[in-house]
1. Is the shape of the range 22-69 rounded, prolate or oblate, going by the alpha carbon gyration tensor and its root eigenvalues a ≥ b ≥ c, with a/c under 1.5 for rounded and a/b larger than b/c for prolate?
2. So how far apart, in nm, are the two label points at E87 and T18 if each is 7 Å from Cα heading toward Cβ?
3. With θ taken as phi - 60° and the coefficients 6.51, -1.76 and 1.60, list the Karplus ³J(HN,Hα) couplings across the range 83-90 in order, rounded to whole Hz; mark glycine and proline as x.
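Values quoted throughout were computed directly from the atomic coordinates according to the rules given, and no laboratory measurement underlies them. It should be emphasised that the depicted structure is a prediction, and the values quoted were computed from it without experimental measurement. Here the Cβ positions follow ideal geometry from the backbone for every residue, glycine too, while neighbour counts run over all protein chains shown.
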Amino acid sequence: MNPASGQDAPLLVAQGLTRLYGTRIGCADVELEVYPGEILAVVGESGSGKSTLLSLLSTELAPSSGRISYRGTDGVMRDLAAFTEAERRLLLRTQWGFVRQNPEQGLRMA
């Protein structure tokens, strides 16, 4: 149970999530649980794997290893890799929200 939200079951679970780019590591062995009502921010230094992690969680990239599961409106936890393309698009349009940072917005450009 997540004491912050009082929820028993997570909506999203990432287990052992890893993405390799050849010999380079995009992210390694990520473990993550997101519960109903939680808002999550992913922060870190440039090159630390934030974009890779979000691309994995949003199914834009396939993991090199690991698993991502999601509890749908039916209450059933399913592996995101088993979702059809149509199911993934519907999920991204109706239930998930990602705010991607434009690096130029953080710069003072004259």
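1. Verdict is oblate for the range 22-69.
2. 2.6 nm
3. Each residue's phi maps through the Karplus curve to give 5, 6, 4, 5, 5, 5, 4, 4 Hz.
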